[in-house]
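Report on one structure; see the data block that follows.
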């Protein structure tokens with residue numbers, strides 16, 4: 001069950017729309033699992049970029 005719209009899940013419903021029903025424990029568990037998987041995937045995709053870069057400074061050549 002995927003809803004793609006411009007409203008956040010926690011936004012109140014528009015005035016012309018009836019309030020949504022509460023989700024069941026099973027729906028909540030499934031939604032939380034999907035959100036966790038999405039967050040893990042996003043972290044894996046961005047992790048190298050989130051680490052600070054250590055510039056390589058070559059050692060001086062011995063004389």
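Contact annotation: no residue pair with Cβ atoms under 6 Å, 6 or more positions apart or on different chains, pairs a residue in segment 21-47 that is in contact (Cβ under 8 Å) with a residue 12 or more places away in the chain with a partner that is exposed (fewer than 10 other Cβ atoms within 10 Å of the Cβ).
Out of the residues in segment 21-63 that are in contact with a helix residue (DSSP H, G or I) (Cβ under 9 Å, 6 or more places away or on another chain) and part of a helix (DSSP H, G or I), state the one that is modelled with the lowest pLDDT. That would be 50.
The values are calculated or read from the model by the stated rules, or taken from the named source; none is laboratory data. Computed from a predicted model, the values in this text were never measured in an experiment. All Cβ positions, glycine included, derive from the backbone under ideal geometry; neighbour counts span all protein chains shown.
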